[in-house]
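*Asks:* To start, I am sharing the structure in question, which I have written as structure tokens.
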Amino acid sequence: MKQMIVHCTQHVTRMALLENGRLTEYAAERDQQQGLVGSYYKGRVINVLPGMQAAFVDIGQKKNAFLYVDDVLHPHLEKQPAVKPSIETLLSPGEEIIVQVRKEPRGGKGARVTTHYTLPGRWMVYMPYAEYVGVSKKIGRESERSRLKGIGERLRRPEEGLIMRTVSEDEPVEAVEGDLAFLRSQWELILRKAEEAPAPALLHVDLSIVQRFIRDAFDPLRDELLIDSAEAVREAEAFLSDMAPDGHKPVVLYRGQESIFAAFGVQEQLQRSFSRKIMLQGGATLIWDETEALTVIDVNTAQYTGGATLEETVTRTNLSAAEEIGRLIRLRDTGGIIIVDFIDMAEEEHRKLVMERLQHAIDKDRTKTHILGWTHLGLLEMTRKKARQDSAGFGPVICECCGGTGKVGAWLE
């Protein structure tokens, strides 16, 4: 069973997702500072740089947005030319264009934007110009994949594209059709606003964190939603009524004296899960170090001595660590290159078991993650897509004293 725990203060909304009591996802958002990812803008092309095959687009933010040539070409790969044209033939300075934010601005860089438009709904992702139907890879039954693909092909218009989401499995055609009608109306509203508004202009804002998690990770008939704000309860009820017109479990207003995060053990789990050193059951540990370019996770047996042989002890430790790493990558929203230094195993069969355990853990993650395999040095390499900022600035911050190294000292003269 899943529980969504929402803690609202005057300026911040924090959301935690518990699965059987264990914290699996966390996000926070400041009022009036919602992330840009998913939002649509009418922008104006400022510079076109053939040497970078990119353009900079003014969308009304502090930094101009970055638009790469691949995000201007047709979203269907089979319809793209064999040789990429120069971006100068596709865009020109002063041109007005509708773009969607793919990645938040970060550091000194502006947002990354695309013309491969997507609108996620409850059962599908709508792509107005993609011209194909896809089905989530997490739907394993071939008969169900064929059924959903057939529904999508029947419902879509010639230029449209649809991706049937995992939650659409076994859903009736009427539910899918209703979702498509709603997403089409959203797209038409974006186009109408673009015709009327001078560039740069905001055309469409993505959902709030609570609404996104309800849409993407919440079963209205089975899961529980608990919120400590009466106003937020009313908003969630209204959103659920639109999303699940056939009914849903009522949203619970938390009235306890202590913080809702403390009452459900969220605060304690956050402190443990976001530490540099993470204790596993049995005494083994993970050391979690993040740099600008990559994340390195070191697995240690520490106090764990549970196996009959060294190889058994090491394998058990690595299997436990793989499961926990899968959960923590999702919870901490770790992105980019990830290197895991598991304890060396002598048997190839054991390395395969560890990789399968990690794959099983990350299959629950909605964010695209690829396990690339073992390097020559015995390290496991993986990558994970990341578009949003770290919990809107509410994750751990770099210590000003040690710069994130955990060490301070002085040079001896």
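*Asks:* Output the residue which, of all residues in the stretch 317-335 that are of a type outside the set (A, V, I, L, M) and closer than 20 Å to residue 301 by Cα, is most open to solvent (accessible area, probe 1.4 Å). Reasoning before the result, please.
*Replies:* So in the stretch 317-335, the residues of a type outside the set (A, V, I, L, M) come out as 317-318, 320, 323-324, 326-327, 330, 332-335.
Keeping just the survivors that are closer than 20 Å to residue 301 by Cα gives 317-318, 320, 323-324, 326-327.
Details: 317: 4, 318: 0, 320: 46, 323: 92, 324: 23, 326: 2, 327: 34 Å².
The qualifying residue most open to solvent (accessible area, probe 1.4 Å) is 323.
*Asks:* So which of 192, 215 is in a helix (DSSP H, G or I), in contact with a Gly (Cβ under 8 Å, 6 or more places away or on another chain) and over 30 Å from residue 342 (Cα atoms)?
*Replies:* Working: 192 fails: in contact with a Gly (Cβ under 8 Å, 6 or more places away or on another chain).
Exactly one of 192, 215 is in a helix (DSSP H, G or I), in contact with a Gly (Cβ under 8 Å, 6 or more places away or on another chain) and over 30 Å from residue 342 (Cα atoms), namely 215.
*Asks:* Exactly one of these conditions fails for residue 148: (1) closer than 15 Å to residue 75 by Cα; (2) in contact with a strand residue (DSSP E or B) (Cβ under 7 Å, 6 or more places away or on another chain). Give me its number.
*Replies:* (1)
*Asks:* Still on this structure, please answer the following. Can you confirm whether residue 228 is touching a Ser or Thr at 6+ places or on another chain (Cβ under 9 Å), over 30 Å from residue 338 (Cβ atoms) and among the charged types (D, E, K, R)? Even if it seems obvious, please write down each step before you answer.
*Replies:* Working: touching a Ser or Thr at 6+ places or on another chain (Cβ under 9 Å): yes; over 30 Å from residue 338 (Cβ atoms): yes; among the charged types (D, E, K, R): yes.
For residue 228, the condition - touching a Ser or Thr at 6+ places or on another chain (Cβ under 9 Å), over 30 Å from residue 338 (Cβ atoms) and among the charged types (D, E, K, R) - is met.
*Asks:* Restricting to the stretch 111-133, what's the tally of residues that are open to solvent by less than 20 Å² (accessible area, probe 1.4 Å) and over 19 Å from the mean Cα position of the chain (by Cα)? Walk me through it before giving the result.
*Replies:* Within the stretch 111-133, the subset open to solvent by less than 20 Å² (accessible area, probe 1.4 Å) is 111, 113-114, 119, 121, 124, 126-128, 130, 133.
If we keep only those that are over 19 Å from the mean Cα position of the chain (by Cα) too, we end up with 128, 130, 133.
Here the count works out to 3.
*Asks:* Also, I was wondering about something else. For the stretch 211-231: of the residues being among the aliphatic types (A, V, I, L, M) and open to solvent by 20 Å² or more (accessible area, probe 1.4 Å), which is nearest to residue 169 (Cα to Cα)?
*Replies:* Quick first cut of the stretch 211-231, residues among the aliphatic types (A, V, I, L, M) only: 214, 217, 221, 225-227, 230.
From what's left, open to solvent by 20 Å² or more (accessible area, probe 1.4 Å): 221, 230.
Values: 221: 16, 230: 34 Å.
Taking the candidates together, the pick is 221.
*Asks:* Could you run through the stretch 353-376 and say how many residues are assigned to a helix (DSSP H, G or I) and open to solvent by less than 30 Å² (accessible area, probe 1.4 Å)?
*Replies:* Taking the stretch 353-376 first, the residues assigned to a helix (DSSP H, G or I) are 353-362.
Cutting the leftovers down to open to solvent by less than 30 Å² (accessible area, probe 1.4 Å) gives us 354, 358, 361-362.
Count: 4.
*Asks:* Here's something else I'd like to know. Would it be correct to say that residue 314 is under 29 Å from the mean Cα position of the chain (by Cα) and either crowded, with 16+ Cβ neighbours inside 10 Å or in contact (Cβ under 8 Å) with a residue 24 or more places away in the chain (or both)?
*Replies:* Details: under 29 Å from the mean Cα position of the chain (by Cα): no; either crowded, with 16+ Cβ neighbours inside 10 Å or in contact (Cβ under 8 Å) with a residue 24 or more places away in the chain (or both): yes.
For residue 314, the condition - under 29 Å from the mean Cα position of the chain (by Cα) and either crowded, with 16+ Cβ neighbours inside 10 Å or in contact (Cβ under 8 Å) with a residue 24 or more places away in the chain (or both) - is not met.
*Asks:* Kindly indicate whether residue 108 is open to solvent by 20 Å² or more (accessible area, probe 1.4 Å), within 20 Å of the chain's Cα centre (by Cα) and in contact (Cβ under 8 Å) with a residue 24 or more places away in the chain.
*Replies:* In short, no.
*Asks:* Is it true that residue 81 is modelled with pLDDT of 95 or more, open to solvent by 50 Å² or more (accessible area, probe 1.4 Å) and more than 24 Å from residue 169 (Cα to Cα)? Lay out the reasoning, then the answer.
*Replies:* Values: modelled with pLDDT of 95 or more: no; open to solvent by 50 Å² or more (accessible area, probe 1.4 Å): yes; more than 24 Å from residue 169 (Cα to Cα): yes.
So residue 81 does not fit the description; no.
*Asks:* Let me ask another. Based on this model, can you work out whether residue 73 counts as buried (at least 20 other Cβ atoms within 10 Å of the Cβ) and touching a Lys or Arg at 6+ places or on another chain (Cβ under 9 Å)?
*Replies:* Numbers: buried (at least 20 other Cβ atoms within 10 Å of the Cβ): no; touching a Lys or Arg at 6+ places or on another chain (Cβ under 9 Å): yes.
Here the answer is no, as residue 73 does not meet what is asked.
*Asks:* Under 6 Å between Cβ atoms, at least 6 apart or on separate chains: pull out the pairs that start in the stretch 226-252 with a residue that is farther than 16 Å from residue 13 by Cβ and end on any residue that is part of a loop (DSSP other than H, G, I, E, B) and charged (D, E, K, R).
*Replies:* 243/122
*Asks:* What number of residues in the stretch 336-352 are closer than 23 Å to residue 23 by Cα, open to solvent by 20 Å² or more (accessible area, probe 1.4 Å) and out of contact with any Ser or Thr (no Cβ under 8 Å at 6 or more places or on another chain)?
*Replies:* 0
*Asks:* Next up: Say we look at the stretch 255-273 and pick out the residues that are free of Cβ contacts under 8 Å to residues at least 40 places away in the same chain and not in a helix (DSSP H, G or I); which of these is surrounded by the most Cβ atoms within 10 Å (Cβ to Cβ)?
*Replies:* So, considering only residues that are free of Cβ contacts under 8 Å to residues at least 40 places away in the same chain and not in a helix (DSSP H, G or I), the one surrounded by the most Cβ atoms within 10 Å (Cβ to Cβ) is 256.
*Asks:* Which residues, taken from the stretch 274-325, are over 18 Å from residue 24 (Cα atoms) and part of a helix (DSSP H, G or I)?
*Replies:* Those that are over 18 Å from residue 24 (Cα atoms) and part of a helix (DSSP H, G or I): 310, 311, 312, 313, 314, 315, 316, 317, 318, 319.
The values are calculated or read from the model by the stated rules, or taken from the named source; none is laboratory data. In this text the structure is predicted, and so the values were computed from the model without any measurement. In this analysis, Cβ positions are derived from the backbone assuming ideal geometry, glycine residues included, and neighbour counts consider all displayed protein chains. In case anyone asks, the SASA skips ligands and DNA or RNA and just uses the protein heavy atoms, side chains included. Shrake-Rupley method; radii C 1.70, N 1.55, O 1.52, S 1.80 Å.
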